[in-house]
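All remarks here apply to the structure that follows.
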Amino acid sequence: MPNEPEPIRHFRLNGRNCAVPAADHTLLVETLRETLGHVGTKQGCDGGECGACTVLIDGVARLACLTRTGECEGHEIETIEGLAAGGRMSRLQRAFHERLGTQCGYCTPGMIMAAESLLRRDPHPTETAIREALSGNLCRCTGYVKIVEAVLEAAGAG
Amino acid sequence: MNRFAYASPATVTEAAAATGLVAEAMVTFDESAVLKAGGIDLLDLLKLELLTPSVVVNLRAIKGLDAITQDAAGNVAIGAMATLSQVAEHPLVRGSYPALATAIAGAAGPQLRNVATLGGNLLQRPHCWYLRSPAHHCLRKGGGHCFAIHGENQYHAIFDNHACAIVHPSTAATALVALNAEVELHDAEGATRRLPLEDFFVGPDDDIQRENALRPREVLTAIHLRKPASGTRMAHLRQGEKAGFDWPLADVAVVLAIGPDGVCREASVVLGAAAPVPHRARAAEQALQGRHPGEAAAGDAARAALRGATPLSLNAYKLALFETLVRRAILAALA
Amino acid sequence: MTATRTEIFSAGIVEAGLGTVTREIPAGEPPPWPPNAELTWIGKDVPRLNGRDKVTGATRYTVDVRLPGMLHARFLRCPLPSAELRKLDTAAATALDGARAVIALARPGDRLRYAGQPVAAVAALSPGVAAEALAAIDAEFRPLPFVVDMDEARAPDAPLVYDEASAPKGNPSGFPAAPGLPVVGNVRGPAVVRRGDPAQGFAAADIVVEGEYRTQVQTHSCLEPHAIVADWRADGLTVYMSTQFTSGVRQELAALFGLPLNRVRVVVDGMGGGFGSKSQLGVYGRTAVELSRLAGLPVRLALDRHEEQIDAGNRPGTFQRMRLGAKRDGTLTALAIESHGTAGVALGAGIGFFAERIYTCPNFETLQHDVFVNAGPGCAMRGPGNTPGAYGLEQAIDTLSERLGLDPLALRDRIDPSKARREERRIGAERIGWSRRHKPGADPGAVKRGMGVAQSLWMSNVQTNVACEVRVLRDGSVEALSSVQDIGTGIGTVMAQVVAEVLGLRPGDITVRIGDTEFPPGGPSYGSRTTASITPPLRTAATRVLAELGREAARMLNAAPEELEAREGRIRVKSDPGRSLAFRDAAALLRTDRISAVESRADDYPGFRRRMPDAAMAHEDLGGVQFAEVAVDTETGAIRVERVVAVHDCGRPINRLLLESQVQGGVLMGVSYALLERRVMDRRTGLMVNADLEHYKLAGVHDTPEIEVVILENLQGNSATDAYGIAEPANIATAPAIANAVYNAIGVRLTSLPMTPDVVLAALGKTGRS
């Protein structure tokens, strides 16, 4: 069954130019995980409820499982792999690490990306704002307490 | 998900022409072309293979469709492609239509609100679990009956539910109907028409397979809101099972025009998650009009709002819940 | 017998005052540890050692494993709740370009018993081709009568899920259900536990309390789905699997495929949650391996969310009828419970041993029944049995205390023999402000606040089939190895702390290599047993390696080996710390590149209460007391849990940060169980209608109460580390504590879960038609 070649999509991924084949129906989460091997972005629910696939597109938190790769043409995409610039953890990552914002860790990349998008537009958010920013992300292990503490700490440290 | 081609026209007219039928997720389930706004609900339906279009027509490339503008008279137009985040945070919306801002800010999660559009939100298909289940061939999908009426109907309609018990999923619609919003529709010949949002929604008695009146080759382009009269007060309240990111069990929008004498001139009371379309509670509105609204009037209106309800086996709790929300929304509007 | 020696251990609850206990222990065991305050790393807040990988996205979960040539597998599942398979023709699927293996999991004529039951599986070059291959399978199902509701299934004329011959048989260990019980209709049982004479006990009671409680089916809803990558090769099988028990899966695979144990390797790095549902190989695991064997290529099989919700295990629902007899002073005279529960087509829907063990009651009886329905098989989930069991009993105790006019804490002080829980009640009452608690329903206004308490009990499990290895290399690097897997609780960090404590190093100096059956068998991550099982042999192994290192160092330092200690990165003479060697320099003296010690789990020093194959139960149960404060909106029915104080014990706490996180998670899972989660089966079609995370509702960040965690240090002198587990106790008490708080708020008792607004409004009599 000969397939038509998939069109090449161009976007910036974690600060680098990226050209990758993707069909019209291909989802960004598939492109990231399957084609590019960026498996830090997770899939949890297949339906937009768990937030594990949260990435930043032009700095805004979005779900890679509900974004077609084709729509990313010309845009700036950031994933969890891009946050630790030069191997140094970002302040959010450090806070998640030190305050134990992780347990099994599966929700962590999405959680951090959702928090990252908040801190970029609101560097000193209230706890209420933090909870709202994380309300699209599910965690089954930690009880969220230390996740919220971690974001608060990162915001304070900023 | 089936394979589909993808078109990104630059104008609304081209977009309308590209579709055999219409609008995001607003077609019967096997249509060949659909319009895509934010694409949230569309992708969901595609993944479930409840939609298997051959072409998806993207509206994103069309410039200006996401604008939020105010005319000289103070009326506001919200482009259908404005995202929920944009709308909820926009000063014009927050300033003049706080009930709309509240209704939208409580919808979905932040990542979705960054993508989902107001137009798409109004046109999304219901989230009835039988409708969304490929295994249940329900009336709305051309099947023989509504599974909810004698099934698991705890989240379903308490009004107009004798044929199909879906509830309209949009909390924005609840607020917009209460605000007497109009929708602007654009067809493939470049003509536009406007009609009240309230009339735009289609109940099961009129057409069991669609939820709105969008015609073939027509695109929803804008939502128009009149400048609120002075003395207008409004509120939107919702109650879900979860404290965040959950479909409401009930939501209520109230818009009151209060005269300088403190008498209610006009009242809009609309219930969401109550009926297949946003449900205007006329009896409640009448209970408020011409009165000095307060605890007593709010209580009367709340009771009146539920008159004529026909709850199903598992959703009679919604009566008490709506009664509370209507009363509280009226009082919140006045506060 | 091996030689022994006598040691005096600190014993008791540190917070309440310590005593000592004298133990005769095997001569090879390390000396007693003092309380945590005198230790360097044990009991401290050490962040997760692999935390960096988790926050940078570097952790590799099973769903992330990609092997060259890897195929993608999918299941064909039964679309009906009950059916006879009439036809299964896989020829077209096999012939499909890109399909590499197709297997049938059922034969024509077979009875299929739940919607979602696997019927066939394919492996293909891509997920897309696998889906096409599934569609090419020609399967015909003849619908049969079915029942998905437990109450309907108990009716005499209900469609039968099994006949007596085909019904599951139970297990010699009694878990999840005992063998040899009668099956009548869809009801199997009762499993009976009886002591004393309940009838006499009730006759002697001054007061009898009765109640009926119902709990829902909860799904585990792990964020990482069940997943496996199986790589069958001529020289052996390697399996990457999201599993709670690498060595258990290895045993299952070896037995099933007739392979020697040394030709089967099971590996897991990151694990995205399990909660009991990833304890066995499972049909999906077996299927992936079989497909790989047939195709001669690696096969990846990961469930999608829908499959995950319908066929990856669940916590059974229960209906409990309870009678409680007591004297006026609170002394219990009799306790009788009859329960019916459903684990779908499986067994194990009991209410556990909570009622049997927690309170002193001379006359006791439970009759527990399993009810079969046409739904996906249940399995163990965080505090299996005890979690629903506590929901019933702890409310009955609350009711009894009110009827007696006793404070619920005072009643428990009278009937609960646990010293740990007594202390936990005292501390918790203080933290929550129990003295502020008012009479039921006393709060004026529409939103009523209330406070409640409930208790936890879980057995102190120990896996005896556990070993680990500690290595010191000549450059001073140290490794700790075991097949134990990190389900997310941070066992690797705990291991590093133990080794660091012994060797006088920092936890970060220890390389922990786990989650691979190439290392000594580490035991399962279930039953709250991991820390209890692995830390004692680890300490012993580290002590032995240090002794070997010490012999070399002693020569250099002109001291006797027993004069030395390992502290702050140095080996030094205890009486003269200035005479010392850096650990690294001591290691350089080794005659070989690497020394190592492997140790297995010794028995607890005072022995065990009960032994099973590969496992045992320590004498003292785990406790835990939780207090909840709620606000109930009596006009909307919405319950908000505002605050939970959770006071727990787990022997010697090793890492408070990790423990707190686990308790907070257990509490939130309990909040979610209490208020939100519920599998909804459509009774007319027999299908689960909320098999997603949209309508199956998990608590989110907005639903999280303030959670205050207190962990006692409860020393018992039981093992080289004296540490036990925490996972299940953290979950067991939450729902009943909330239920009791709701009662205190509104003065009306809710007796079913989840306590959603409709349930609350109904209990308040507010669902009448207007």
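Worth a mention:
- When B:Cys264, C:Cys650 are sorted by how many other C-beta atoms sit within 10 angstrom of their C-beta, beginning with the fewest, the order is B:Cys264, C:Cys650.
- Considering all different alpha carbon pairs of region C:182-298, the Kirkwood hydrodynamic radius works out to 18.0 Å.
- Separation of the alpha carbons by more than 24 angstrom is noted, of C:Lys54/C:Lys278; B:Lys47/C:Lys697; B:Lys141/C:Lys766, for B:Lys141/C:Lys766.
- Taking 1.002 mPa s as the viscosity and 20 °C as the temperature, the Stokes-Einstein diffusion coefficient of region C:158-248 based on its alpha-carbon Kirkwood radius rounds to 112 µm²/s.
- Viscosity 1.567 mPa s, temperature 4 °C, Stokes-Einstein D of region C:361-431 from Kirkwood C-alpha radius, µm²/s: 87 µm²/s
- Of the residues C:Phe275, C:Phe75, C:Phe175, B:Phe4, the one with the fewest other Cβ atoms within 10 Å heads the list, and the complete ranking is C:Phe175, B:Phe4, C:Phe75, C:Phe275.
- Packing order of peptides C:104-114, C:454-464, B:274-284, C:550-560, highest average first: C:454-464, B:274-284, C:104-114, C:550-560 (average count of other Cβ atoms within 10 Å over each peptide's residues).
- Using θ = phi - 60° in the Karplus curve 6.51 cos²θ - 1.76 cosθ + 1.60, the 3J(HN,Hα) couplings for region B:310-324 round to 10, x, 8, 4, 10, 10, 5, 4, 5, 4, 5, 5, 5, 4, 4 Hz; x is entered for Gly and Pro.
- Backbone phi angles across region C:382-390, fed through the Karplus curve with coefficients 6.51, -1.76 and 1.60 (θ = phi - 60°), yield HN-Hα couplings of 3, x, x, x, 5, 5, x, x, 5 Hz in residue order; Gly and Pro are listed as x.
- With viscosity 0.692 mPa s and temperature 37 °C, the Kirkwood radius over alpha carbon pairs of region B:232-334 converts through Stokes-Einstein to a diffusion coefficient of 243 µm²/s.
- Per-residue Karplus couplings for region C:411-421, computed as 6.51 cos²θ - 1.76 cosθ + 1.60 with θ equal to phi - 60°, are listed in order as 4, 5, 4, 7, 10, 9, x, 6, 5, 5, 5 Hz, Gly and Pro entered as x.
- Gyration tensor (alpha-carbon) shape descriptor, region C:569-608, a/c threshold 1.5: oblate
- Debye log10 I(q)/I(0) at q = 0.14 Å⁻¹ for region C:314-380, Cα point scatterers: -0.47
- Per-residue mean of foreign Cβ neighbours for B:105-118 is 6 (Cβ atoms of other chains, 10 Å radius).
- Rotationally averaged projected area of chain C (alpha carbon convex hull; nm²): 35.8 nm²
- Helix-derived mean residue ellipticity, 222 nm - over chain C, DSSP H n ≥ 4, -39500 (n - 2.57), to 500: -8000 deg cm²/dmol
- Average projection area in nm² (convex hull over Cα atoms of region A:8-82, one quarter of hull surface): 4.2 nm²
- Rounded if a/c under 1.5, otherwise prolate or oblate - chain B, Cα gyration tensor axes: oblate
- A Cβ-based charge dipole, computed about the Cα centre of chain B with Lys and Arg at +1 and Asp and Glu at -1, lands at about 460 debye.
- Annotation: the residues C:Ser528, B:Ser230, C:Ser173, sorted from fewest to most other C-beta atoms within 10 Å of their own C-beta, follow the order B:Ser230, C:Ser173, C:Ser528.
- Taking GluC sites (Glu not before Pro) across region B:185-222, the ones in a DSSP loop with at most 14 further Cβ atoms lying within 10 angstrom of their Cβ are B:Glu189.
- Local electrostatic count, A:Val20, Cβ distance below 10 Å [Lys/Arg +1, Asp/Glu -1]: 0
- Fraction of alpha-carbon pairs over 28 Å apart in chain A - percent: 20 percent
- Its Cα gyration tensor gives region A:85-157 an equivalent ellipsoid. The semi-axes, each the square root of 5 times an eigenvalue, are 16, 15, 11 Å from largest down.
- Size check on the protein assembly as shown: the Cα extents along the three principal axes, sorted descending, read 99, 78, 67 Å.
- Highest mean first, the peptides B:316-327, C:516-527 sorted by other C-beta atoms within 10 Å per residue fall in the order B:316-327, C:516-527.
- Loop sites in region A:54-154: trypsin sites (Lys or Arg not before Pro), DSSP, at most 11 other Cβ within 10 Å: A:Arg88
- Given in Å, the Rg to one decimal and the Dmax to the nearest whole number for the Cα atoms of region C:461-617 are 16.3, 50.
- Cα-only radius of gyration and Dmax that characterise region C:399-479, units Å: 22.7, 72
- For the peptides A:9-17, B:82-90, residues were scored by their other Cβ atoms within 10 Å and the scores averaged per peptide; the highest-first order is B:82-90, A:9-17.
- In Å, descending, principal axis extents of the Cα set of region B:1-130: 43, 34, 21
- For region C:488-566, the spread of Cα positions along each principal axis, largest first, Å: 47, 21, 21
- Seen from a random direction on average, the alpha-carbon convex hull of region A:37-121 projects onto 6.0 square nanometres.
- Tail weight of P(r) past 18 Å, computed on alpha-carbon pairs of region B:147-199, percent: 53 percent
- Choice from B:Ile258, B:Ile223, B:Ile208 showing the highest fluctuation, given a GNM over chain B with Cα pairs closer than 10 Å: B:Ile208
- Between the amide H of B:Gly240 and those of B:Leu249, distances stay under 5 Å, these residues lying 5 or more places away or on another chain, with hydrogens modeled in the peptide plane.
Throughout, read-outs are computed from the coordinates displayed, never taken from laboratory work. As the structure is a prediction and not an experimental result, all values here were calculated from the model. Neighbour counts are summed over all protein chains in view; Cβ atoms, including those assigned to glycine, are modelled from backbone coordinates with ideal geometry.
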